[in-house]
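K.L.:
What follows is a single structure, and I will ask about it in a moment.
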Amino acid sequence: MTKKENDFLIQNLHQAYLFVNDNKASRETYSLNFIRRISEEKFLNINNPDFLTVNPKTTKYGINLIREIKIKLSLKPYYFNKKIVLLNDAHELTTEAQNALLKTLEEPQQNSVIILTVNHRNNLLPTITSRCEIFNIPKEIKEIETVEIDKTDIEEFLNISQNELTEKFKWVEQNYQKEGISQTLQNWLLYNRKLLLNKINEENSNQLLIYKLLKNTYEIDKTLRVLKTNASPRLALEILVIKLENID
């Protein structure tokens, strides 16, 4: 990762992340790769005092664990400018522990990042997921490659992500009432996921591009869920096009 790429990631860090996938290996791979990118490999040393990784096989997922995490995060970072906790399989937390974790997320330490992995977002309290930047990890690349994506939707996405804000809003005005808008967004989501999986598997991959693809998949997926509610589709799409990253 170049210094420019790393600086971008650090400046845009959230204080809590949630990686979602029903495959444990995929969750662990994506979360560890993310930690590599934001820390320039520093956090993978088991002796690093700024990094705590927790697994249900070796630790009881009760309220005492959350207390331990809170103490860990209250300490000043030693090597890095952040302290990071990776809580694998957060769905194993007891209800009492989840409520304690919620309090930690509500009053986060300014120099901390908490990363949770979970098999399904519904297995955590909604109040926890609402405080996390959520990444729905895509399916395995073999499954995704079998799905065809409308090339028109791909071209449209690339144009929208590069356009000026006025042009983006014009697109929203022309499309927010169309019946097929959800399918268009599904194709945008699938396209970004395909690129993401390909880039992650590349040697010396562009880390900034991977971050942008992760962000796009999150924002598009969130918009699709909003469109299923009674929320304003126009407003939802306007927020989406503002947040889309140019990946060209």
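Each reported figure results from applying straightforward, stated rules to the coordinates on display, with no laboratory input. All values reported here derive from a predicted model rather than from experimental measurement. All Cβ positions, even for glycine, are placed from backbone atoms using ideal geometry, and neighbour counts span all protein chains on display.
K.L.:
Let me check I've understood the local charge: for residue 85, count other residues with C-beta under 12 angstrom from its C-beta, Lys and Arg +1, Asp and Glu -1. What total comes out?
P.N.:
Within the 12 Å Cβ shell, the charges total +2.
K.L.:
Using only Cα atoms and rounding to the nearest 10 degrees, what angle (0 to 90) does helix 63-74 make with the longest principal axis of the chain?
P.N.:
With both axes taken from Cα atoms, the answer is about 80 degrees.
K.L.:
Would you be so kind as to identify which of 20, 114, 163 lies farthest towards the positive end of the dipole of the chain, taking Lys and Arg as +1 and Asp and Glu as -1 on Cβ and the Cα centre as origin?
P.N.:
114
K.L.:
Here is a further query. What are the ³J(HN,Hα) couplings of the stretch 155-169, residue after residue, when phi is run through the Karplus curve with 6.51, -1.76, 1.60 and θ = phi - 60°? Round to Hz, x for glycine and proline.
P.N.:
4, 5, 4, 4, 5, 4, 5, 9, 5, 5, 4, 4, 5, 5, 5
K.L.:
Could you check which residue among 179, 106, 238 shows the biggest mean-square fluctuation in a GNM of the chain with a 10 Å Cα cutoff?
P.N.:
In the Gaussian network model the winner is 179.
K.L.:
Could you tally the net charge around residue 129, taking each other residue with its Cβ under 12 Å from the Cβ of residue 129, Lys/Arg +1 and Asp/Glu -1?
P.N.:
Around residue 129, the charge tally is +3.
K.L.:
Tell me, in nm to one decimal, what length is gained between residue 75 and residue 23 on full extension, where the rule is 0.36 nm per residue of separation less the Cα-Cα distance?
P.N.:
15.4 nm
K.L.:
Specify the residue with the greatest mean-square fluctuation among 169, 51, 157, computed from a Gaussian network of the chain linking alpha-carbon atoms under 10 Å apart.
P.N.:
The residue with the greatest mean-square fluctuation here is 169.
K.L.:
Exposure proxy check: 248, 153 ranked by fewest other beta carbons within 10 Å?
P.N.:
Ascending number of Cβ neighbours within 10 Å: 248, 153.
K.L.:
Give the value in nm², to one decimal: projected area of the alpha carbon convex hull of the stretch 3-137, averaged over all directions.
P.N.:
Directional mean of the projected Cα hull area for the stretch 3-137 stands at 7.5 nm².
K.L.:
Considering only the other residues whose Cβ falls under 11 Å of the Cβ of residue 183, what net charge follows from Lys and Arg at +1 and Asp and Glu at -1?
P.N.:
-2
K.L.:
Then there's this: Working from Cα positions, state the angle (0 to 90°, nearest 10) between the long axis of helix 95-106 and the longest principal axis of the chain.
P.N.:
Approximately 70 degrees, to the nearest 10.
K.L.:
On to the next question. Given a cut-off of 30 Å, name the pairs among 151/228; 72/199; 76/222 whose C-alpha atoms lie farther apart than that in the structure shown.
P.N.:
Table pairs above 30 Å Cα-Cα are 72/199; 76/222.
K.L.:
Once R0 is set to 25 Å, what does the formula 1/(1 + (r/R0)^6) return for the Cβ-Cβ distance between residue 121 and residue 167, expressed as a FRET efficiency to the nearest 0.05?
P.N.:
0.15
K.L.:
Suppose every Lys and Arg Cβ carries +1 and every Asp and Glu Cβ carries -1, with no other charges. What dipole size does the stretch 143-243 come out with about its Cα centre, to the nearest 20 debye?
P.N.:
Dipole magnitude for the stretch 143-243 comes out near 420 debye.
K.L.:
While we're here: In Å and whole numbers, how far do the C-alpha atoms of the chain stretch along each principal axis, longest first?
P.N.:
So the three principal-axis extents are 53, 41, 35 Å.
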